Amino acid sequence: MAETMANQGTAVGLKDVPETMLWTLHNRATEAMRSDRILTDPKAVEIYQEINYDYERSFGKADPVHALRSLVFDQAIAQFLKQAPDGTIVNLGEGLETQRFRVSDSSALWLTVDLPEAIQAREKFIEPDARHPHFSLSALDRQWFESVPKDKPVFITAQGLFMYFPKNEVRTLIQDIFQTFDSCCLMFDTIPRWFSKKTTSDEGYALTGHYVAPKMPWGINRNQIKSTLSRWLNNDITIEDVGYPSFTRGIGWKVFTAFSSLPILKDITPTIIKVSSNKISN
Ligand SMILES: C[S@@+](CC[C@H](N)C(=O)[O-])C[C@H]1O[C@@H](n2cnc3c(N)ncnc32)[C@H](O)[C@@H]1O
């Protein structure tokens, strides 16, 4: 299955936005290897160790941010599956996320949608099957809608994805999702405008001297999210700003947690948003 070079692990050969799946894997797997871990994920560790890539050279020392993000999504998906065990999960831009190994032990259908080069990398480590099909497609290509059963609730996630799209693409995708699926929950994370501007500036957002993150054109401040989504969608939805959980390991996280609870400063932090059609939230 895996294309292995002698003693060197498996090459995945990713660039541009697909390469960022190695950044999130680095952060999640390194967290999962700690004795005081907040995320248990042996599959992520296995994949991380198998890939031939100098993670620290590109991304620097690992940070728990993506493990924390995954925990929030894991919890929401698990709760959805408790209420709708035969519901559908769609994971847009799933990359090398191993969420289904952590969460789903039900009969749910779990669709992975990612770009062809990303699916090719994923399939070196994770095989699709009838219950976990992979779609080599852009999330913006509405073809994947056709594979989602319309008579069951659906939970659609985009983790580390929408910021890489222009705002109008995000708007029309969200509008099309809620026009197509009656019983739907969509959960995604956002970055604030200052951070988006940093990534689109001439110098860009350099994680290290060897890696500049791809541009993230869609940024939105937290105080504008509910009004923006209400304008984009009809009223028959519930919007929750779920946020990141408080976390105080290390000074950076102590500051972030403090910032996230202060008026005004809170508005310029990243967050996690859950939008539910009222058919599902009632
Ligand atoms: C930051 S990574 C996040 C991966 C995964 N969700 C995670 O949290 O580990 C961004 C992902 O978005 C995918 N991606 C980029 N553009 C995409 C598109 N137009 N449609 C679907 N996926 C896309 C990339 O291939 C990559 O897997």
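A short reminder: the numbers here are calculations on the coordinates, not readings from a lab. Since we're looking at a predicted model, the values are computed, not measured. Virtual Cβ from ideal backbone geometry, glycine too; neighbours counted across all protein chains shown.
For Gln175 and Ala130, FRET efficiency with R0 = 35 Å and r from the beta-carbon atoms, rounded to 0.05?
Working: r = 31 Å, r/R0 = 0.88.
It comes to 0.70.
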Hull surface over four for the Cα convex hull of the chain, reported in nm², is 14.9 nm²
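Can you give the relative contact order of the chain as a percent, counting alpha carbon pairs under 8 Å and 6+ residues apart?
On the way: 466 pairs, mean separation 45.7, N = 282.
Reported as a whole number, the value is 16 percent.
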Separation between the Gln83 and Ile38 pseudo-spin-labels, each 7 Å from Cα along Cα→Cβ, expressed in nm? 2.5 nm
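With only Lys, Arg, Asp and Glu charged, each at its Cβ (+1 for the first two, -1 for the last two), find how big the charge dipole of segment 4-59 is about the Cα centre; round to the nearest 20 debye.
40 debye
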Only Cα pairs under 8 Å and at least 6 apart count here; give the relative contact order of segment 4-59 as a rounded whole percent. 41 percent
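At a Förster radius of 35 Å, what calculated FRET efficiency corresponds to the Cβ-Cβ distance of Glu123 and Ala258, to the nearest 0.05?
Working from the Cβ atoms, E equals 0.25.
Suppose only helical runs count, i.e. DSSP H with n ≥ 4. What mean residue ellipticity at 222 nm does that imply for the chain under -39500 (n - 2.57) per run, divided by all residues and rounded to the nearest 500 deg cm²/dmol? Show your work: numbers first, answer last.
On the way: 11 runs with 108 residues, N = 282.
Per the formula, -11000 deg cm²/dmol.
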Out of residues 5 or more away from Ile51 or on other chains, whose amide H comes under 5 Å of its own, with H placed 1.01 Å from N in the peptide plane? Thr10
Total charge dipole magnitude, the chain, about the Cα centre, Cβ charges on Lys, Arg, Asp, Glu only, Debye to nearest 20: 960 debye
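May I ask which of Lys82/Lys279; Lys198/Lys274; Lys197/Lys266 have a Cα-Cα span longer than 20 Å here? Display every interim value, and only then the final one.
Working: Lys82/Lys279 16 Å; Lys198/Lys274 26 Å; Lys197/Lys266 18 Å.
With Cα atoms farther than 20 Å apart: Lys198/Lys274.
Can you tell me which of 148-158, 9-19 comes out highest on packing, and rank the rest after it, using the mean Cβ neighbours within 10 Å? Working shown, then result.
Numbers: 148-158: 19.4, 9-19: 17.3.
Highest to lowest by the protection proxy: 148-158, 9-19.
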Please list log₁₀ I(q)/I(0) at q = 0.18, 0.21 Å⁻¹ for segment 134-282, using the Debye equation with identical point scatterers on the alpha-carbon positions. -1.16, -1.38
